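**Student:** What follows is a single structure, and I will ask about it in a moment.
Readers should treat all values here as calculations from the given coordinates under stated rules, not as data from a laboratory. Predicted, not measured: the structure shown is a model, and the values here were computed from it. Methodologically, a virtual Cβ is constructed for each residue, glycine included, from the backbone with ideal geometry; neighbour enumeration extends over all protein chains shown.
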């Protein structure tokens with residue numbers, strides 16, 4: 001049973017690390033601000049869930065698990081909100097998405 | 001394994017620092033500065049300094065970014081490129097860096113238990129804390145009791161900075177306009193999602209700040225971190241609801257009272273020690289049992305520190321935010 | 001490995017000099033303040049690195065720990081004070097920069113000296 005939980009938590013942690021890596025590569029390689037944000041938000045949602053679930057399995061049933069669950073809840077509440085705020089701010093500042101730019105304008 | 005991780009984080013820190021200095025856009029520099037603060041907080045945690053990591057994360061990554069952004073809103077966002085490229089600063093910097101690196105070869109290696117810094121006072125503190133003070137967090141015991149006079153000086157430094165900024169930038173009065181009660185463009189009211197989530201989060205942030213304040217003796221925490229966290233929650237409220245409403249909720253007079261009140265509380269505990277027959281800032285006489293007296297004294301002074309830090313950080317924020325451009 | 005023994009101190013030296021370079025070479029006043037903040041962070045790194053004891057834990061007594069080896073609490077207390085003092089001086093410095101901007105209209109050091117000379 002212990003071995004099963006260990007293997008499961010290591011799998012979750014590795015998958016979480018892969019999700020963060022994918023988010024990072026996407027944030028670098030995407031052409032536009034909005035697509036970059038979309039890629040980076042994978043880190044905050046999927047990556048956070050997998051990594052924190054892996055750590056919760058390592059901690060077992062203790063106070064640390066409850067604290068980790070609270071951290072996960074607040075992370076899931078705040079990071080999509082900040083992405084929304086960032087996208088609203090970019091729209092208000094005049095950054096146009098890639099599909100709406102005419103060919104005459106350059107990339108921003 | 002942790003050494004490799006620490007090395008990795010420190011390399012990221014150096015790269016971020018180079019990017020901070022080289023970028024021309026000050027807004028980008030401030031954002032990178034907050035990332036650098038978070039990296040340093042992680043490094044502090046790896047080096048077994050939990051209290052310092054919490055303080056650096058709350059104060060460096062949180063409050064300092066807000067202050068820089070407040071100042072940037074009142075000044076310019078971009079740096080003018082300098083016309084002349086001079087070689088002298090680079091030469092001086094490189095020579096000084098080489099000298100400092102040469103000096104570090106004399107240091108004992110990282111983590112050496114025989115290093116001179118671990119002799120003299122530090123083992124005495126670790127040994128005597130269970131006997132004199134009996135609280136689990138040694139850092140709070142040293143900060144509150146053994147080096148309590150230094151902490152009093154620090155509270156006065158925070159207070160002085162608050163008064164200094166209020167002298168420079170004014171009291172922070174915002175002129176009232178007639179229909180601001182129902183105006184939808186105040187603060188972030190127009191944006192529903194940040195506003196709703198923000199209002200949901202503010203009570204939890206306050207609760208966490210109080211938790212950090214009162215658990216300073218049992219784990220990482222204490223007055224400074226709690227003050228920064230509570231101030232951050234009120235700054236979030238000011239960002240969401242607009243400056244005028246935030247000043248209605250916590251007027252500047254109240255913030256001035258908080259600033260002074262914390263320092264008065266701290267000094268008052270010290271004088272109370274003198275009145276009860278001990279020395280200044282001697283907590284043992286506050287109760288029949290000296291150990292209980294020490295614990296009571298630490299709770300009171302940490303409360304004083306938290307109150308002053310909250311009041312000062314909020315007063316400084318409002319001084320920046322309410323200043324007319 | 002040998003590189004880990006002194007790596008923290010080398011990073012301290014590099015960060016110190018990066019911050020110092022920003023203070024002396026950049027004419028923008030806010031850039032100077034950012035460089036000063038980096039300088040302070042480097043000094044904090046030095047002190048906390050000195051306080052580490054290998055095999056030790058954070059200096060917090062807990063019931064279920066049998067190890068008697070703790071890292072040194074004294075540098076941590078000093079740096080706790082130093083962080084708060086650093087941000088106090090930062091706030092004051094930013095207030096002065098805002099007032100300079102209002103009086104002179106610019107925050108570049110050479111332009112301010114130019115206006116002063118007239």
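**Student:** Bins of 10 Å, beginning at zero and ending with the bin holding the largest distance: percent of Cα pairs per bin for the range B:1-126, please.
**Tutor:** 11, 26, 34, 21, 7, 1
**Student:** Please give the contour-minus-distance gain from residue B:204 to residue B:292: 0.36 nm per residue of separation, less the Cα-Cα distance, rounded to one decimal in nm.
**Tutor:** Values: separation 88, 0.36 × 88 = 31.68 nm, distance 3.10 nm.
Residue separation times 0.36 nm, minus the Cα-Cα distance, leaves 28.6 nm.
**Student:** State the percent of C-alpha pairs, over all pairs in the range A:2-79, separated by a distance greater than 17 angstrom.
**Tutor:** Working: 1520 of 3003 pairs.
So the portion of pairs separated by more than 17 Å is 51 percent.
**Student:** If a/c stays under 1.5 just call it rounded; otherwise compare a/b with b/c (prolate if a/b is bigger, oblate if not). Do that for the range C:46-118, with a ≥ b ≥ c from the square roots of the Cα gyration tensor eigenvalues. Before the final figure, lay out each step's value.
**Tutor:** Values: a/c = 6.76, a/b = 3.99, b/c = 1.70.
In terms of gyration-tensor shape, prolate.
**Student:** So how do B:33, A:37 line up by other beta-carbon neighbours within 10 Å, fewest first?
**Tutor:** Details: B:33 22, A:37 18.
With the sparsest Cβ surroundings first, the list reads A:37, B:33.
**Student:** Does the range C:77-118 come out rounded, prolate or oblate by the C-alpha gyration tensor, with a ≥ b ≥ c the root eigenvalues, rounded set by a/c under 1.5 and, if not, prolate when a/b is larger than b/c and oblate if not?
**Tutor:** Values: a/c = 5.50, a/b = 3.22, b/c = 1.71.
It comes out prolate by the Cα gyration axes.
**Student:** Cα axis of helix A:2-29 to longest principal axis of chain A: angle in degrees, 0 to 90, nearest 10?
**Tutor:** For helix A:2-29, the angle is close to 10 degrees.
**Student:** Using R₀ = 51 Å, calculate the FRET efficiency as 1/(1 + (r/R₀)^6) where r is the Cβ-Cβ separation of residue A:65 and residue C:116; round to 0.05.
**Tutor:** 0.25
**Student:** Per residue of chain B, what 222 nm ellipticity follows from adding -39500 (n - 2.57) for every DSSP H run with n ≥ 4, rounded to the nearest 500? Don't skip to the answer; put the middle values down first.
**Tutor:** Numbers: 13 runs with 219 residues, N = 325.
Mean residue ellipticity, 222 nm, calculated: -22500 deg cm²/dmol.
**Student:** Per DSSP H run of at least 4 residues, take -39500 (n - 2.57); add these up for chain C, divide by its residues and hand me the 222 nm value, nearest 500 deg cm²/dmol. Write down the numbers at each step before the final one.
**Tutor:** Working: 4 runs with 87 residues, N = 118.
After summing the helix terms and dividing by the residues of chain C, the value is -25500 deg cm²/dmol.
**Student:** Residues of B:307-316, mean number of Cβ from any other protein chain within 10 Å of their own Cβ, rounded to a whole number? Walk me through the intermediate numbers first.
**Tutor:** On the way: counts 0, 0, 3, 0, 0, 4, 3, 0, 1, 7.
Per residue, the number of nearby Cβ atoms from other chains is 2 on average.
**Student:** Could I ask something else about it? In µm²/s, what is D for the range B:201-264 at 10 °C and 1.306 mPa s, where D = kT/(6 pi eta Rh) by Stokes-Einstein and Rh is the Kirkwood radius from Cα pairs?
**Tutor:** Working: Rh = 12.6 Å.
D, rounded to a whole number, is 126 µm²/s.
**Student:** Determine the calculated [θ] at 222 nm for chain A from helices alone, applying -39500 (n - 2.57) to every DSSP H run no shorter than 4 residues and normalising by the residue count; nearest 500 deg cm²/dmol. The partial results should precede the final answer.
**Tutor:** Working: 4 runs with 81 residues, N = 108.
Using -39500 (n - 2.57) per qualifying helix, the result is -26000 deg cm²/dmol.
**Student:** Running a GNM on chain B with Cα contacts under 10 Å, which residue among B:289, B:279, B:137 ends up with the highest mean-square fluctuation?
**Tutor:** Evaluated over chain B, the most mobile residue of the options is B:289.
**Student:** Which of B:145, B:160, B:75 moves most in a GNM of chain B, Cα contacts under 10 Å?
**Tutor:** With Cα springs under 10 Å in chain B, the top fluctuation among B:145, B:160, B:75 is at B:75.
**Student:** In whole angstrom, how long is each semi-axis of the equivalent ellipsoid of the protein assembly as shown, when you take the square root of 5 times every eigenvalue of its Cα gyration tensor and sort them from largest down? Don't jump to the answer; show the numbers that get you there.
**Tutor:** Numbers: eigenvalues 263, 188, 155 Å².
Output for the protein assembly as shown: semi-axes of 36, 31, 28 Å.
**Student:** Another question about this same structure. Kirkwood hydrodynamic radius for chain B: how many Å is it when counted over pairs of different Cα atoms? Before the final figure, lay out the partial values.
**Tutor:** Numbers: mean 1/r = 0.0444 Å⁻¹.
Kirkwood radius, chain B: 22.5 Å.
**Student:** Quick one: B:106, B:112, fewest Cβ neighbours within 10 Å first, how do they rank? Don't skip to the end; give the middle numbers.
**Tutor:** Details: B:106 7, B:112 16.
By the 10 Å Cβ count, ascending, the order reads B:106, B:112.
**Student:** Next question, about the same structure. Could you check which residue among B:283, B:218, B:237 shows the biggest mean-square fluctuation in a GNM of chain B with a 10 Å Cα cutoff?
**Tutor:** Evaluated over chain B, the most mobile residue of the options is B:218.
**Student:** Label points 7 Å out from Cα along the Cβ direction at residue A:6 and residue B:28: separation in nm?
**Tutor:** Between residue A:6 and residue B:28, the simple spin-label model gives 4.7 nm.
**Student:** Between the alpha-carbon centers of the range B:22-46 and the range A:26-98, tell me the distance in whole angstrom.
**Tutor:** Between the Cα centre of the range B:22-46 and that of the range A:26-98, the gap is 19 Å.
**Student:** Let me ask something additional. Hey, got the average number of other protein chain Cβ atoms within 10 angstrom for residues in A:71-81?
**Tutor:** On the way: counts 0, 0, 1, 4, 0, 0, 4, 5, 0, 2, 9.
Partner-chain Cβ atoms within 10 Å, mean over residues of A:71-81: 2.
**Student:** Apply the a/c threshold of 1.5 to the C-alpha gyration tensor of the range B:220-325 and tell me whether it is rounded, prolate or oblate.
**Tutor:** Working: a/c = 4.04, a/b = 2.58, b/c = 1.57.
Since a/c reaches 1.5 and a/b is larger than b/c, the shape of the range B:220-325 is classed as prolate.
**Student:** So how tilted is helix C:2-25 from the main axis of chain C? Cα-based, degrees 0 to 90, rounded to 10.
**Tutor:** 20
**Student:** Return one number: the angle in degrees, 0 to 90 and rounded to the nearest 10, between the long axis of the Cα atoms of helix C:73-104 and the longest principal axis of the Cα atoms of chain C.
**Tutor:** Result, in degrees: 10.
**Student:** Just counting partner chain Cβ atoms within 10 Å, what average do the residues of peptide B:8-15 show around their Cβ? Can you show the working numbers first?
**Tutor:** Numbers: counts 0, 1, 9, 2, 0, 7, 5, 0.
Counting Cβ atoms of other protein chains within 10 Å of each residue's Cβ and averaging gives 3.
**Student:** Ranking B:234, A:1 by Cβ neighbours within 10 Å, fewest first, what do you get?
**Tutor:** Numbers: B:234 22, A:1 5.
Neighbour counts put them in this order, fewest first: A:1, B:234.
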